[in-house]
1. I'd like the orientation of helix 2-34 relative to the chain: the angle between its Cα long axis and the longest Cα principal axis, in ° from 0 to 90, rounded to 10.
2. Relative contact order of the chain, please, whole-number percent, based on alpha carbon pairs below 8 angstrom and at least 6 residues apart.
3. How far, in nm, would the chain grow between residue 71 and residue 39 when pulled straight, counting 0.36 nm per residue and subtracting the alpha carbon separation?
4. Using +1 on the beta carbon of Lys and Arg, -1 on that of Asp and Glu, and nothing else charged, what's the dipole of the chain about the Cα centre, debye to 20?
5. Which FRET efficiency value, to the nearest 0.05, is calculated for residue 98 and residue 56 with the Förster distance at 41 angstrom and r the Cβ-Cβ distance?
6. Determine, from the Cβ-Cβ distance of residue 5 and residue 46 and an R0 of 35 Å, the FRET efficiency 1/(1 + (r/R0)^6), rounded to the nearest 0.05.
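Taken together, the values in this text are just the output of simple stated rules run on the coordinates, not laboratory data. Note that the structure is a prediction, hence the values are computed from the model and not measured. Here the Cβ positions follow ideal geometry from the backbone for every residue, glycine too, while neighbour counts run over all protein chains shown.
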Amino acid sequence: MISTLLQIIGGGGIALLLLLGQQGLQAILSALQQGQSLAAVAPWAIAIAVVAGIESFVGAVQRERQQILGELLQRHIQEHVLEVATAVDLLAFETPAFHTECNGCR
């Protein structure tokens, strides 16, 4: 659920960056056409920087969560494989019948 929320925030951040970028470019063009200073563009640049920073943070958190979930899944699978492997009697591994039956398992 947290991963889904982070993906939604990331998608919204990208959309917001596109809108802010468009407005920032409009402000630059307007300032250049009217011969004004580019100080009017500063709020747009700050807003873009803030949203990009948040986007970067959310992306880092999402990558860390995915890595942790991957490690937990791998640990769970290894535990299950070990449970099954330890349930078989060790002497059974030495019999040809065991290996013949397991050839179909692959």
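1. It is inclined by approximately 20 degrees.
2. 30
3. Length gained, residue 71 through residue 39: 6.6 nm.
4. With only Lys, Arg, Asp and Glu charged at Cβ, the dipole is about 660 debye.
5. On the way: r = 54 Å, r/R0 = 1.32.
Plugging the Cβ-Cβ distance into 1/(1 + (r/R0)^6) gives 0.15.
6. E between residue 5 and residue 46, to the nearest 0.05, is 0.85.
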